[in-house]
Structures are given as C-alpha cells and as structure tokens.
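Working notes for the structure below.
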Amino acid sequence: MNLHHEVAGEGEPLFLLNGIMMTTATWAETTRALAPHFQCVLHDFRGQLRSEKPPGPYSMSMHVEDLAALMDRLGIESAHLVGTSYGGEVGLMFAAAHPERVRSLSVIASVAKADDALRKGALRWAALARRAPEQLWDSALPLFYSPRFIAANPAFIEAGRQRVSALPPDWFRAFADLCEAFAALDADLAAIRCPTLVVCGSGDTLKPPHRSREIAEGIAGAQLVIIEDAGHAVVVEKPEAVNEALLRFLPKPIPPTTHRS
C-alpha cells in the first residue's frame, strides 16, 4: 500500500492520525507544537488525498494493518498515537490489536462504536460523495464546526468549500468507502492497556462529549479533557488548547546527558 507520509522533529516517535476529510497539512499547528519534543509522523490513510486509493470496500482493520506496516517500514517498534475523529478510532483499534506497539494513546473527538445515528449519517455522506459530491462540504460543515467558528471565519469556510469542490473524482469514491468502513466501527476498549488521553469539544454535535466520556470510562486510568466552546473539529478551532492538553499528558522528553571533563 502506497501511503503518503511525512516526518518532522526528533525524539520518541509519535503518529498523528487524520480525521476522515483531513490530510497531513491539517495538523500544522499540532505538528509545530509537538515536533520540538517528538518525531512526528503524519500520513494519509488509504483512500485519503495523497495516498493510494484502491477499490473498496475498506475497513478500520485495514487502516490498523496499514499503520503497522508503515511503522515497520520506518523501523519504529512502538510509538505514541494521537488521532482525531476517524484517526482516533483507528488509534483505538490499533491499541487493542497491537498493545505492545503503543506507548500512549490520545483520542480526540472520537467514538468507540458507530451507533445507529452515526452509522446512518456516515452512509448518507457515502451516498452524497457518490451521487452529489458538490453537496458534501455544506452537508458536513455544521457538524464539523461550531456556529461561532463558522460565523467568525467566513474566508476559511469558503476556502474549504473551494478546496473540496476541486478534489478529483477518485477522492469522493474513496471517501465513500471510508465512510462505510466507519459505519462498522466497534472498538474493544477493554483490550487497551496503554496510558490514554481522551479530548473533546464541549460543543461537538457530531460525536458529543458523552461519547468521549464512554471511551474514558472504558479504558482503565484514562484521562478526559473537555475543551470549552469548540465543535467537532477541535484540533482546528482550538489548536492551542489541544496542544496544551497533549503536552501535559505526553511524557516529557529526556534531556541529553552532559559530560563534564
């Protein structure tokens, strides 16, 4: 599988895992904050913008094994995982399937299982991507961002609309496959043993805070942070608050030893 990936910084390896409509560039603020302390590895999942888009169907387990293969290719035995939404859910699945490879897990704006409402919503998005892709951005917009953020950032919102409208047909076809993979999500929280941070926006209407609370309660010792006045795309709306939570949770880098003569 040809996965686009990028590496920034030095230190313990840390993978940033994309939301469903993201690409690696969306992590810019988080990468800037974490790269001075960690070796940040970013990649587009199969089906995403700069990675291979083989014919579906896809599954969350495929992303798990793609991630394991990428770690092998980079010579990384274990790493910290930070994922938002779809990426957080891949992180949950990966931590359950490969506990020995996860140093810590940070799950942002995610759920452990696709309930009926989320499953139906994902399948509606899949249908839009296949039949009316020009409607996809405006359908997703009020679920991704808080009303306050939308009102305050009209240029950002319009740039997103233009960016999505310019995407090639194979992106929309693969996006539909990603949505259908999410619709079958059912993560085994009890199998996750690593230190875990769960983060969500207080105003997330797509994957509301009680779903993050369920994750935190299902993983022994997990910490929960709720960021006020943020919607589902909390890593975009409140990157400073997300970065602060991550840096408080993640292990402090060990400074180099100074030798004195």
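The values are calculated or read from the model by the stated rules, or taken from the named source; none is laboratory data. This is a predicted model, so every value here is computed, not measured. Methodologically, a virtual Cβ is constructed for each residue, glycine included, from the backbone with ideal geometry; neighbour enumeration extends over all protein chains shown. These area figures cover heavy atoms from the full protein model, side chains too; ligands, DNA and RNA do not enter into them. Shrake-Rupley method; radii C 1.70, N 1.55, O 1.52, S 1.80 Å.
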Q) If you go through segment 95-103 one residue at a time, do you hit one that is within 19 Å of Ala126 (Cα to Cα) and open to solvent by 30 Å² or more (accessible area, probe 1.4 Å)? A) no
Q.
Take the conditions hydrophobic (A, V, I, L, M, F, W, C) and more than 19 Å from the chain's Cα centre (by Cα) and apply them to Ile157. Does it pass?
A. yes
Q) What is the residue count in segment 154-204 for residues that are open to solvent by less than 50 Å² (accessible area, probe 1.4 Å) and polar (S, T, N, Q)? A) 2
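Residue-wise test of (1) of a type in the set (Val, Ile, Thr); (2) in contact with a Lys or Arg (Cβ under 6 Å, 6 or more places away or on another chain); (3) more than 24 Å from Ala117 (Cα to Cα); (4) in contact (Cβ under 8 Å) with a residue 12 or more places away in the chain.
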residue: Asp204; (1), (2), (3), (4): no, no, no, yes
residue: Pro208; (1), (2), (3), (4): no, no, no, no
residue: Gly218; (1), (2), (3), (4): no, no, no, yes
residue: Glu237; (1), (2), (3), (4): no, no, yes, yes
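With respect to Val90, is the statement that it is within 23 Å of Ala183 (Cβ to Cβ) and open to solvent by less than 10 Å² (accessible area, probe 1.4 Å) true?
Yes: the conditions hold for Val90.
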(Q) Of everything in segment 22-64, what is in a loop (DSSP other than H, G, I, E, B), within 18 Å of Ala109 (Cβ to Cβ) and in contact with a helix residue (DSSP H, G or I) (Cβ under 7 Å, 6 or more places away or on another chain)? Give them in sequence order. (A) Phe45
(Q) Show the residue pairs meeting these rules: Cβ distance below 7 Å; 6+ apart or different chains; first residue within segment 133-155 and under 15 Å from Leu206 (Cα atoms) and of a type in the set (Ser, Thr, Tyr); second residue assigned to a helix (DSSP H, G or I) and at pLDDT 95 or above. (A) Ser139/Trp125; Ser139/Leu128; Tyr145/Glu237; Ser146/Glu237
Q) So is Asp138 farther than 18 Å from Gly47 by Cβ, acidic (Asp, Glu) and open to solvent by 70 Å² or more (accessible area, probe 1.4 Å) or not? A) yes
Q: Would you list the helices (runs of 4 or more DSSP H) that sit entirely within segment 154-261 and hold 1 or more residues that are within 20 Å of Met60 (Cβ to Cβ) and of a type in the set (Gly, Ala, Ser)?
A: 169-182, 209-218
Q. Hey, among Ala140, Ala132, which residue is farther than 17 Å from His232 by Cβ and modelled with pLDDT of 95 or more?
A. Ala132
Q: Answer yes or no: is there a residue in segment 104-115 that is touching a Pro at 6+ places or on another chain (Cβ under 7 Å) and open to solvent by 20 Å² or more (accessible area, probe 1.4 Å).
A: no
